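Working notes, beginning with the structure itself.
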Amino acid sequence: MADVRNGDARGATGVQINLEYYGKRLKALYGHWKEHKRDVWGGADAIAIVTPPSSEDLRYLKSSALHLWLLGYEFPETVMVFMPGALHVVCSLKKASHLEELQKSSRMLTGVDIHLHVKERKEDGSKEMEGILEAVQSQSKSKPPTIGVLAREATEGALMERWAMCLADSGASQVDVAGGFSEVFAVKDEEEITNIRNAAHLSGQVLKGFVVPKLEVIIDEEKKITHAELMENTEEVIINPGKFLKLRPEDVDICYPPVFQSGGVFDLKPSAASNEDVLYFDAMGVIICAIGARFKSYCSNIARTIMIDADKLQQKAYIVLLKAHDAAIAALRPGNPVSAVYKAAYAVVESGGPEFLQHFTKNAGTGIGIEFRESGLTLNAKNERIIKAGMVFNVSLGFQNLTTESRNPKSRNFSLLLADTVIVTEKGSPEVPTSRCSKAFTDIAYSFEEEKEEEPQEERKPKPKLESNGSSELAGRMATLRSDNQEMTKEEVRRQHQAELARQKNEETARRLAAGGSGHGDGQGSAKSTNDITAYRNVDDIPSRELMIQVDQKNEAVLLPIYGSLVPFHIATIKSVSSQQDGGHSYIRIIFNVPGAGFGPNDMPSQKFPRAIYVKEVSFRSNDTRHSNQVVQLIKTLRRQVAQRESEKAERATLVVQERLQIGKGRPIRLSDLWIRPAFGGRGRKMSGTLESHANGFRYSTMRQEEKVDIMYRNIKHAFFQPAEKEMITILHFHLHNYIMVGTKKTNNVQFYVEVMEAVQTLGGNRRSMMDPDEIEEEQQERDRRNKINKEFEVFVKRMAELWDQPPWRELDLEFDIPFRELGFHGVPNKSSAFIVPTVNCLVELIETPFLVVSLNDIEIVNLERVGLGQKAFDMAIVFKDFKRDILRIDAIPSTSLDGIKEWLNSMNIKYYESRMNLNWRPILKTILEDPEKFIEDGGWEFLNMEASDSESEKSEESDEGYEPSDVEVVSESEDDDSDEESVVESEEEEEDDEDEEEEGLTWDQLEENAKREDKEKGDEDDSEDDRQRRKVKAGKGRPMDSRDSRGMPSKRPKVR
């Protein structure tokens, strides 16, 4: 809450209090107190809040919550007395120094004066407290006054004891105001929602990315580990979250020690703790995991139950609980009473599993925020408070102490628990930021059944099939551990997930096309037509009357002598100019842009005179060869300059106007000695520059005044940091929403890089030994240079991440993506092969130009083409959601990368298809846009699903290959010809078989003898080859004469693909 921004109150030791939040929240507190003084605040004339001494224990107190909510910091051993128009604070000298700046601004911001009463170290503060109580009595209309206190908070420390004594001696009546603060804290503002969302994301990511994989390894390898050890390992990950989320460790803490329970001993209370028992994961075992993380003092919670070889009772209980949990979340809508949440969950259990009602938890959770459990917001059947947008709840449901038929006590007794952090929104369904960690049965249930079925035990009975009642959700595959068929199982899971993605994608495409959202195009409008081109407005403006070819650089015109007069032509009307020498003369030929010659509307004046006669070309002969060459060169130079200027002008006309860069105060975050791509134009020596971060964007500049580029934060769509590992450069790359100009080039990809290796030229032709000390020293220097540069870039990226985490940039969700090299693959996205790597949000190639940056959110589907047995490479066609945009092709991807790419696409929830050949996508997309309704009626993208046809073709190929005559050793040429007539297209496998037969066939002499024998049977041996061929064609057999190679053998037929 204490953000680094203008307008913050900075204390003497660097403590910052956000004045904006302080003012807004103090006004809300006083407004609620004034409006609900009688019914909620107990008629309190003043409110006294006293905080206890600091403690290392995890505890949640309303007094501490008030400090954090109002000031962003907890001030231990401090008395705060709220009075109409005044706030009295009794604290130490050091704490008073933190509040001095706030004291100066409070009156202007809130209308409330802050009075600081400094308690000396050796005094107990009685004098200051008595003075405040006297002020309360003098201001209060009621005698004695009523003072609101937090009655349930225990008295700790000398300050709280002294205050209690002074308050009792004053004779003032006391009333508990905890309910009032609960109502004030209940509805969160946007900053609080953001903090809770970050905390929830951290909880979910730790459970999904650390706990679940760790448990899978433990179960798979049958390791022994205690619940307490798991708790310690998980807590360490939460406190240092850099691997999962880019959050600062100082902003992160735990809400409670992570809870792990198994082995028949379960406690579903929020106060549960992990014991020292060993994790139990045998058949019918249940493991409960609960994690709570805090971000900037705001809490979150998530709990999941993991089941191993669950029986029918356990499966049914979990499915009923899952439905009840979803019903409870769905009931969290503005206007509903709090009791509706528990009643909705209760109704689901009552209808789907009434036998579980006696084991059902007595409430569905509580409100959550700075306090882990907000009083007054318990989700039970009796709470009639109205739910409002901005409230946040920990929805927690479970079944306690269920039993199975197992004889093992560790699996006979079990409990189930599900919990999520839920944010109530103004409209629509509630937001569940912990939903990244799935709670679906197929994702939390593990099975050893496949492994057991492989064991040679005849006496084992097969596992009974699940009953149909309430078990339709189990149609998906349960996660399998330690299976020898793991690869096959992964493929099955992938296919099932892809089938579900296909359904979702077709529904999404149907909605988008029905709404007319075929895309936004390339974001560029049509080019504006150029104004009429004018060389001279008046005849008198022509600079010279000499009858010779002249080039007027100033007016961009060429003066040509025609029939004794100088006729001006604007340079834009000239298409080309050339010269040649012949017999001592020089000939100049000038060709003009004329209608019908393939020119654009901007290449010449608007065609206002459709019936006019245009000059197509003129030629001149000159005796002065030198002058002719000079004129031609001048015309070409002028034409190039004007074309370049007009092109740049047209490019700039389509640019979106950017905000002006605000130069930041103080020393900016900086990286020096960087090179930029695309490079600035000009013929001078290129120079490196410096990248600086300012208030609202970056500025890159070199020593030349004109060479600078501004990149606004709001224009950044994706940012990448790629350290040099196997490359020669370390990169910062920005992919922009809107195009900008870099020099004279229009681009939406700007890259800054440093070469980590210097070019070294070895003098002399001798090869150096690998043990050469000079060689070793050079390699070490290269490693040191690479590490140094990577470290500098890394520091820059971390500092920018901290800056982007501050308002107002936090809403842009900017961060530097680092490519995952281990997921990369080689391919040809343009004209040359490159190494393409995925990131969290994109697919990129940042080394070769033009750069490749594909946002995953823009992808509709991916079609993997030329996929088949025997293929060494395949192609990838990426279809974008904007169907007016050309597809992106990445060709020549090695087939060894196929499984990895499919797994990555599946994990990113991108639907992919496979085909045996390349498709012509332009007519396909054009057809979809012309008739989207028919596209949807025909099944959407399912026309790309070739699995059924592939299986039929494979069966037919197997049946063809199954028959092979045993009495035929040599196939004659005529039989070859007949077979060619029957089947023009052969598969590659059949051709390979033919080649193998040729290699293993008869010798050349034997083949020649067979050929002669066949010739005698079919015709006279003396007939020429042409005659024999003509007879074969006339008889309807064979083919016309084929080409033969140098050996006299028929050449191989071209393959039809």
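Taking segment 804-835 as the range and being touching a strand residue (DSSP E or B) at 6+ places or on another chain (Cβ under 8 Å) and closer than 13 Å to W904 by Cα as the test, the residues that pass are F820, R821, L823, G824, F825.
Return the residue satisfying two criteria in turn: it lies in segment 916-925 and is without any contact (Cβ under 8 Å) to a residue 60 or more places away in the chain, assigned to a loop (DSSP other than H, G, I, E, B) and under 25 Å from S832 (Cβ atoms), and of such residues it is most open to solvent (accessible area, probe 1.4 Å). Show your work before the answer.
Of segment 916-925, the ones without any contact (Cβ under 8 Å) to a residue 60 or more places away in the chain are 916, 918-925.
Checking the rest, the ones that are also assigned to a loop (DSSP other than H, G, I, E, B) come to 916, 918-920.
With the extra rule that they be under 25 Å from S832 (Cβ atoms), the set shrinks to 918-920.
On the way: N918: 70, L919: 44, N920: 107 Å².
Looking at the filtered set, the residue picked out is N920.
Of the residues making up segment 145-185, those that are in a helix (DSSP H, G or I), in contact with a helix residue (DSSP H, G or I) (Cβ under 9 Å, 6 or more places away or on another chain), within 23 Å of E128 (Cβ to Cβ) and not hydrophobic (A, V, I, L, M, F, W, C) are R162, D169, S170. The set of residues from segment 244-263 being over 27 Å from the mean Cα position of the chain (by Cα) and not in a loop (DSSP other than H, G, I, E, B) comprises V259, F260, Q261.
Does S411 satisfy being farther than 30 Å from Q315 by Cβ, hydroxyl-bearing (S, T, Y), open to solvent by less than 60 Å² (accessible area, probe 1.4 Å) and more than 37 Å from the chain's Cα centre (by Cα)?
Working: farther than 30 Å from Q315 by Cβ: no; hydroxyl-bearing (S, T, Y): yes; open to solvent by less than 60 Å² (accessible area, probe 1.4 Å): yes; more than 37 Å from the chain's Cα centre (by Cα): yes.
Judged against the criteria, S411 is not a match.
Filtered by the rule that a residue be out of contact with any helix residue (DSSP H, G or I) (no Cβ under 7 Å at 6 or more places or on another chain) and either part of a loop (DSSP other than H, G, I, E, B) or within 13 Å of I861 (Cα to Cα) (or both), segment 885-909 gives R885, D886, L888, R889, L905.
Which one is farthest from the chain's Cα centre (by Cα) among residues in segment 178-188 that are open to solvent by 30 Å² or more (accessible area, probe 1.4 Å) and not small (G, A, S)? Don't jump to the end; show me each part of the working.
Filtering segment 178-188 down to residues open to solvent by 30 Å² or more (accessible area, probe 1.4 Å) leaves 179, 183, 187.
Going one step further and asking which of them are not small (G, A, S), we end up with 183, 187.
Numbers: E183: 37, V187: 30 Å.
So the residue we want is E183.
Open to solvent by less than 40 Å² (accessible area, probe 1.4 Å) and either more than 18 Å from F816 (Cβ to Cβ) or in a loop (DSSP other than H, G, I, E, B) (or both): which single residue out of T730, T690 fits that description?
Details: T730 fails: either more than 18 Å from F816 (Cβ to Cβ) or in a loop (DSSP other than H, G, I, E, B) (or both).
Going through T730, T690 in turn, the sole match is T690.
Against the conditions (1) modelled with pLDDT under 90; (2) open to solvent by less than 30 Å² (accessible area, probe 1.4 Å), E937 satisfies every one except (2). Does E229 count as open to solvent by 30 Å² or more (accessible area, probe 1.4 Å), of a type in the set (D, E), outside any helix (DSSP H, G or I) and farther than 25 Å from V395 by Cα? So E229 fails the test.
Looking at K831, K791, which one is surrounded by fewer than 14 Cβ atoms within 10 Å (Cβ to Cβ), closer than 27 Å to K884 by Cα and out of contact with any Lys or Arg (no Cβ under 6 Å at 6 or more places or on another chain)?
On the way: K791 fails: closer than 27 Å to K884 by Cα.
Being surrounded by fewer than 14 Cβ atoms within 10 Å (Cβ to Cβ), closer than 27 Å to K884 by Cα and out of contact with any Lys or Arg (no Cβ under 6 Å at 6 or more places or on another chain) holds for just one of K831, K791, which is K831.
Filter segment 413-435 for residues that are in a loop (DSSP other than H, G, I, E, B) and of a type in the set (V, I, T) and give the result. Give the steps one after another, and end with the answer.
First, pick out the residues of segment 413-435 that are in a loop (DSSP other than H, G, I, E, B): 424-430, 432-435.
Passing the criteria: V424, T425, V432, T434.
Across segment 238-256, the qualifying residues are those that are of a type in the set (A, V, I, L, M) and open to solvent by 30 Å² or more (accessible area, probe 1.4 Å), and the one among them that is farthest from N198 (Cα to Cα) is I239.
Among the residues of segment 296-313, those that are surrounded by 24 or more Cβ atoms within 10 Å (Cβ to Cβ) and not in a strand (DSSP E or B) comprise S300, N301, A310. Mind checking which residues of segment 693-727 are outside any strand (DSSP E or B), under 17 Å from D813 (Cα atoms), open to solvent by less than 10 Å² (accessible area, probe 1.4 Å) and touching a residue at least 60 places away in the same chain (Cβ under 8 Å)? Y713, the sole residue that qualifies.
Considered as a group, the residues in segment 801-828 that are of a type outside the set (A, V, I, L, M, F, W, C) and farther than 22 Å from E725 by Cα include one that is most open to solvent (accessible area, probe 1.4 Å), and that residue is E811.
Which of the residues belonging to segment 203-223 are open to solvent by 60 Å² or more (accessible area, probe 1.4 Å) and either part of a helix (DSSP H, G or I) or under 14 Å from F260 (Cα atoms) (or both)? Walk me through how you get there before you give the answer.
To start, the set of residues in segment 203-223 that are open to solvent by 60 Å² or more (accessible area, probe 1.4 Å) comprises 208, 214, 216-217, 220-223.
Within segment 203-223, K208, K214, E216, V217, D220, E221 qualify.
Exactly one residue out of E130, E77, E134 is closer than 20 Å to A151 by Cβ, at pLDDT 90 or above and not aromatic (F, W, Y): that is E77.
Got at least one residue in segment 371-383 being among the charged types (D, E, K, R), touching a Phe, Trp or Tyr at 6+ places or on another chain (Cβ under 6 Å) and either part of a loop (DSSP other than H, G, I, E, B) or more than 20 Å from I288 (Cα to Cα) (or both)? Let's see the steps before the verdict.
We begin by selecting, within segment 371-383, every residue among the charged types (D, E, K, R); these are 371, 373-374, 382.
Going one step further and asking which of them are touching a Phe, Trp or Tyr at 6+ places or on another chain (Cβ under 6 Å), we end up with 371.
Applying the additional criterion that residues be either part of a loop (DSSP other than H, G, I, E, B) or more than 20 Å from I288 (Cα to Cα) (or both) yields 371.
Within segment 371-383 (the criterion being among the charged types (D, E, K, R), touching a Phe, Trp or Tyr at 6+ places or on another chain (Cβ under 6 Å) and either part of a loop (DSSP other than H, G, I, E, B) or more than 20 Å from I288 (Cα to Cα) (or both)), the answer is yes, since at least one residue qualifies.
Restricting segment 848-882 to residues that are closer than 21 Å to K717 by Cα and among the aromatic types (F, W, Y), the residue that is most open to solvent (accessible area, probe 1.4 Å) is F851.
The values are calculated or read from the model by the stated rules, or taken from the named source; none is laboratory data. Small disclaimer: the values here were computed from a predicted structure and weren't measured. Don't worry about glycine lacking a Cβ; one is built from the backbone with ideal geometry, like all the others, and counts go over all protein chains shown. Side chains included, ligands, DNA and RNA excluded: accessible areas come from the protein's heavy atoms. Shrake-Rupley method; radii C 1.70, N 1.55, O 1.52, S 1.80 Å.
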